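The values are calculated or read from the model by the stated rules, or taken from the named source; none is laboratory data. Note that the coordinates shown come from a computational prediction; the quantities given were computed from them, not determined experimentally. Here Cβ is always computed from backbone atoms with ideal geometry, including for glycine, and neighbour counts include all displayed protein chains. Protein only, heavy atoms only, side chains kept; ligands, DNA and RNA dropped before computing areas. Shrake-Rupley method; radii C 1.70, N 1.55, O 1.52, S 1.80 Å.
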Amino acid sequence: MEKIIDVTIERKENEAILNFGFEEKMSLSLTSDSQDELKDFFIKLLKKIVDDKENIYKLNFSDEGQTDLFHDVGDKYIKNLDNELSSIYVEINKLPR
Amino acid sequence: MLVDLHVHTKKCKSGDDKTREVTVQLFSSKIRLAGIKVLAITNHNCFDIEQYNKLKASVADVCDVWPGIEFDVKQLSSKAGHVIVIVNPEKVEDFNALIKSTIGDSTPDSFVINIDNLCSKFNKLDPIFIAHYLKPKSLGEDDLDLLNSKIYNKNRFLKEPSNIVSIGVLNAYDQKCVLGSDVKDWNFYEKGTFSEFKYDFKDYKNFLKLLDKDSAYINDLINQEQKEIIEVYGDNKTKQHPFRIPVYNDVNIIFGDKGSGKSEILASLNDYYISKGIPVSYLVSRANESWFSTLLLPTPNLYFSSTLGCDSNLVENFIAIANYVDPQIVEIESYKKYFKTINKNKNSALIKLNKISKINSNNDVFIRKLGSEYETFKSFLSSFTSSEMYKHFVTDDDFINLKNDLSNVLNKSAEHYKDQWIKNKANSLSDFSIDSINTAVSECTGTPTLPTETGFFKFADERIKLMNNANAIFNNLNKESVVVESTYLGKLGNKGSGSITSECGFANPSNIEKIDSKWLKQNKTDCKDILKKLKSVQNEAFTKNLFDKVSKFKTAYNDGVIKSLNDLIFNKKSFILGSKPYKPSAGEIAILSIEYEILKNKTNKSIFLFDEPELSLGNEYIETNIVPLIKDLAKSGKTVVIATHNANIAVRTGAINSILKTANNSEYNTYIGSMYTNELKSVIDNEIVKWDAESERTLEGGEKAFKERGYYYGEDN
């Protein structure tokens, strides 16, 4: 079953964080320069997707009323990431259940 | 049918071995073991009718036993020689009485009979006389001539030479011969030498008909054989001068004058059988050397890289090298452009995710291997748990424990596989995100992208891959050559067995100079060129000269025909005798060709045509090797047609059909008949000529050779 995950931007002073609307908090900071944080985020995201055998997740960027650079970059990035995730579902289906 | 007309059953003379004595039981078992169908008891100057009757009765169901005696005979010569006298078994009582009255009070040691008495006393008993000839105790020449002149029927006078080589030559010149065992020890009787007759003669009278060459009787025997009448040509190429010949399902001999058209008959028969779709083996001895050369012709096109144990022909490696280009290195200008515009947008400066170094860690191959191993194990476990068979080998508890353990292993390997897949995919999504955000920032701000990598990693990675491709090719090319096939050809006497071995390998820079161009699939110059250029790529993989080397390889690869390992295969064929390469002589090639042709084809061909198989072969070899092979073919139901000038082949193969070709001042004639009837009839005017006279005239050597060979084979043995 397809499940839509809203992705929002949390703006703080000198900081912008992408929040992914899973039950469990999952976020990625656009303003972080840590490779480990980036990698850990995707490990967590992929575990969630692989372990959930019921749903197929679709990302939806939700940042109404904003016009700043974070909004524009976030919009483009989430669309690209959603396409990328769709393509790896073929591989996920071959993994052991 | 095996016949032994020289059998001793008693120690008669003081010099006779005691082992010539035989009991009824031993006699019966040995005659059965040897498969003898007719024998004559011929003791020295002695005939024991009581023993004769007992022995005859003991083998009555399998063998006919005839009465006889071996006399010491002398009249004109200084020394006595041995002559066997065999008589009609219906007249055994008369024979017994005659022997008693003739020998009288003499002992076997002292008795000698003269030729006048020998010829006059036994005639009424339908005798056959067999004189020792060209062997110890032979009759002297004078006495031999006297016996020949006084004998009541010359057809019933036979000679017994020392061995089977002599007999073929003697038979060729109408010297009727038989071989007898002259048994000296009955314990080894079955290992003796016997005469083999082509036709079964049911009794003594029929044997006399054979000796007398009774045409009606022999033709009856011959006509029982299967034959086909075939049209052949005096000139087979143009199909001119046709005539018809019978071809028997047996041995057929074509002999006659040189240039009279014997080979044309064989060529016609070959065409005929091929047109009928009948498998035919056609051996022309004149072409033996070209036959041998053909066997040594390399056949590299029959072999592929898999022949040499390679998993692949590595065509992808060749293509990858030919198409190689260095990856783009990021120019320093890109960094300059980025940093000139970086401070224009405050938020742009805040986004740092796009400035993280990429991980560049792609383990897709490793992950696929993990997945494949997991699936293999899963499949095994499924088969293991569903099969009833394995349960019989262990107790139920052990089986359940083992199954649980294996299931645990499977579950853990599944978890491991998933974890590794996730980590690998997280790396690639991280790199993807860096690129994606970088591009988005650039597009949204109208500023150049920050180069996410210098390009050095890819540059080095691609050059290593290039090197690996070249190494993989050379690792295979440097493999040792292997013998892929060994074909047994035959034996060369005491020198050993000979085989043609087929060796395969790859041409490589170290062996290409020693490789004959005929061994290669492709042109040798092209092979050398591509190997040289490939080696240059391998040597310069990490230097600035690589582009030039790749470019030269690419041109040679795209313009040439060498596309993969398959095109660099060589095949070399050698004749190996024992374990070493050997160059056989013309005679040895002849030996190999005829044996090979017969042995190779005897199961799948039904017709065998031989054109002068004797060429380059010695008579002893023909007699001991070729004649038995031909006789075996006939026995196994093959049709054999032989054009020959050799007396041994013409006679000893027991051919029932003879075709004589004559040529006299451009006038050709064909006569058909048999040596058994001693008649050959012209297909043109029914003229009849004698087989013996024509064979003596046309077969190799004539009378002079016969005498020389008789001396050689007889005296030396």
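A few points about this structure:
- For B:Val169: the one exception among (1) modelled with pLDDT of 85 or more; (2) not in a strand (DSSP E or B): (1)
- Unmet criterion (only one of (1) without any contact (Cβ under 8 Å) to a residue 12 or more places away in the chain; (2) not in a helix (DSSP H, G or I)) for A:Ile43: (2)
- Qualifying positions in the range B:497-513 - β-branched (Val, Ile, Thr) and within 14 Å of B:Ser579 (Cα to Cα): B:Ile500, B:Thr501
- Residue match in the range A:58-74 (condition: in a helix (DSSP H, G or I), within 16 Å of the chain's Cα centre (by Cα) and free of Cβ contacts under 8 Å to residues at least 40 places away in the same chain): yes
- For B:Leu350, the conditions (1) touching a strand residue (DSSP E or B) at 6+ places or on another chain (Cβ under 9 Å); (2) away from chain A (no Cβ under 14 Å) all hold with the exception of (2).
- Single residue of the range B:371-417 satisfying the filter (closer than 30 Å to A:Leu85 by Cβ and of a type in the set (Lys, Arg)) that is most open to solvent (accessible area, probe 1.4 Å): B:Lys412
- Members of the range B:621-672 that are among the charged types (D, E, K, R), under 21 Å from B:Asp200 (Cβ atoms) and open to solvent by less than 30 Å² (accessible area, probe 1.4 Å): B:Lys638
- Residue within the range B:483-497 that is part of a helix (DSSP H, G or I), touching a Pro at 6+ places or on another chain (Cβ under 8 Å) and open to solvent by 30 Å² or more (accessible area, probe 1.4 Å) present: no
- Taking the criterion of being among the aliphatic types (A, V, I, L, M) and either out of contact with any strand residue (DSSP E or B) (no Cβ under 9 Å at 6 or more places or on another chain) or assigned to a helix (DSSP H, G or I) (or both), the residues of the range B:440-482 that qualify are B:Ala440, B:Val441, B:Leu450, B:Ala460, B:Ile464, B:Leu466, B:Met467, B:Ala470, B:Ala472, B:Ile473, B:Leu477.
- Residue match in the range B:524-547 (condition: open to solvent by 50 Å² or more (accessible area, probe 1.4 Å), in a helix (DSSP H, G or I), farther than 20 Å from B:Leu565 by Cβ and not polar (S, T, N, Q)): yes
- Reported count of residues in the range B:418-450, each being open to solvent by less than 30 Å² (accessible area, probe 1.4 Å), at the interface with chain A (Cβ under 9 Å from one of its Cβ atoms) and either within 30 Å of B:Ser379 (Cβ to Cβ) or within 60 Å of the chain's Cα centre (by Cα) (or both), is 6.
- Criterion: surrounded by fewer than 15 Cβ atoms within 10 Å (Cβ to Cβ) and more than 40 Å from the chain's Cα centre (by Cα) - qualifying residue of B:Thr23, B:Thr9: B:Thr23
- Residue match in the range B:2-18 (condition: more than 20 Å from B:Ser120 (Cα to Cα) and assigned to a helix (DSSP H, G or I)): yes
- Number of residues in the range B:595-613 that are open to solvent by less than 10 Å² (accessible area, probe 1.4 Å) and under 18 Å from B:Gly493 (Cβ atoms) equals 2.
- Every condition in (1) surrounded by fewer than 18 Cβ atoms within 10 Å (Cβ to Cβ); (2) closer than 27 Å to B:Ile367 by Cβ; (3) within 10 Å of chain B (Cβ to nearest Cβ) holds for A:Tyr89 except the one numbered (3).
- Test: residue in the range A:15-33 that is within 19 Å of B:Asp435 (Cα to Cα), touching a Lys or Arg at 6+ places or on another chain (Cβ under 7 Å) and open to solvent by less than 80 Å² (accessible area, probe 1.4 Å): yes
- Single residue of the range B:355-411 satisfying the filter (among the β-branched types (Val, Ile, Thr) and away from chain A (no Cβ under 11 Å)) that is nearest to B:Phe457 (Cα to Cα): B:Val365
- Within the range A:51-84, the residues that satisfy the criterion of being surrounded by fewer than 19 Cβ atoms within 10 Å (Cβ to Cβ), in contact with a helix residue (DSSP H, G or I) (Cβ under 7 Å, 6 or more places away or on another chain) and at the interface with chain B (Cβ under 9 Å from one of its Cβ atoms) are A:Asp68, A:Asp72, A:Lys76, A:Asn80, A:Glu84.
- Across the range B:387-416, the number of residues qualifying as assigned to a helix (DSSP H, G or I), farther than 23 Å from A:Leu95 by Cα and among the polar types (S, T, N, Q) comes to 1.
- Residue satisfying condition, being among the aliphatic types (A, V, I, L, M), within 30 Å of B:Ile515 (Cα to Cα) and at pLDDT 90 or above, within set B:Ile278, B:Ile321, B:Ile245, B:Ile254: B:Ile321
- Number of residues in the range B:249-289 that are touching a helix residue (DSSP H, G or I) at 6+ places or on another chain (Cβ under 8 Å) and part of a strand (DSSP E or B) equals 10.
- Yes/no for A:Met26 being away from chain B (no Cβ under 12 Å) and touching a Phe, Trp or Tyr at 6+ places or on another chain (Cβ under 6 Å): yes
- Filter pass, B:Glu70 being in contact (Cβ under 8 Å) with a residue 12 or more places away in the chain and of a type outside the set (S, T, N, Q): yes
- Flag if B:Leu210 is farther than 18 Å from B:Ile86 by Cβ and either in a helix (DSSP H, G or I) or at pLDDT below 70 (or both): no
- Members of the range B:534-550 that are of a type in the set (Ser, Thr, Tyr) and at pLDDT below 95: B:Thr543
- Test: A:Ile4 is outside any helix (DSSP H, G or I) and within 12 Å of chain B (Cβ to nearest Cβ): no
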